[in-house]
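Remarks on the structure that follows.
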Amino acid sequence: MSQLPSRRHVILKHILVNCILIALLIALGVWCYTQGKTYKLSLGNYAFTGADGQDYPALEAVEVSIDGNEPVFLLEDDSGTGDATGRRHTMLIELLDENDKPIESRTIQFNIADLNDKLDVNVAELWLKAK
């Protein structure tokens with residue numbers, strides 16, 4: 001007849017398995033929180049000075065959509081807010097004519113970690129970078 005494992009050995013195994021399961025659940029919770037967190041971005045259409053020292057004007061009229069969400073309409077020197085869920089995002093910037101019809105569009109990818117602490121985004125600057 002084979003010997004059964006000792007009671008102490010079985011209890012230690014159960015404790016180890018429970019600790020591993022708890023650690024995995026905590027890791028899963030942290031990952032879900034960071035992937036599903038929604039950030040409120042401040043979108044501004046302002047003139048800016050580039051890294052080359054040259055001044056660039058604000059765009060006359062644009063529509064900005066983040067990850068296919070509802071677009072935000074911005075005029076020159078205007079601001080608005082947009083929602084971004086997760087860490088990596090795709091922003092579509094459409095330059096509009098006087099009849100509010102898109103004449104040119106550019107797409108840029110960005111990461112929440114690349115933004116400043118206030119989550120401010122200058123659309124005119126990203127328009128230039130997406131060129």
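The values are calculated or read from the model by the stated rules, or taken from the named source; none is laboratory data. Keep in mind the model is a prediction, meaning the values are calculated, not measured. Heads up, the Cβs are rebuilt from the backbone with ideal geometry, glycines too, and the neighbour counts pull from every protein chain shown. Accessible surface is based on the protein model in full, side chains and every heavy atom, while ligands, DNA and RNA are left aside. Shrake-Rupley method; radii C 1.70, N 1.55, O 1.52, S 1.80 Å.
Matching residues to (1) open to solvent by 80 Å² or more (accessible area, probe 1.4 Å); (2) in contact with a His (Cβ under 9 Å, 6 or more places away or on another chain):
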position	(1), (2)
Leu25	yes, no
Trp31	yes, no
Leu75	yes, no
Asn99	yes, no
Arg106	no, no
Asn111	no, yes
Asp117	yes, no
Trp127	no, no
Lys131	yes, no
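Yes or no: region 83-105 includes at least one residue that is touching a residue at least 40 places away in the same chain (Cβ under 8 Å) and on the phi > 0 side of the Ramachandran plot. Yes; the residues of region 83-105 include at least one that is touching a residue at least 40 places away in the same chain (Cβ under 8 Å) and on the phi > 0 side of the Ramachandran plot. Find the residue count for region 79-97, including only residues that are open to solvent by 70 Å² or more (accessible area, probe 1.4 Å) and in a strand (DSSP E or B). Selection size over region 79-97: 3.
Of all residues in region 33-58, which are more than 21 Å from Leu115 (Cβ to Cβ) and open to solvent by less than 90 Å² (accessible area, probe 1.4 Å)?
Residue satisfying the conditions is Gly53 alone.
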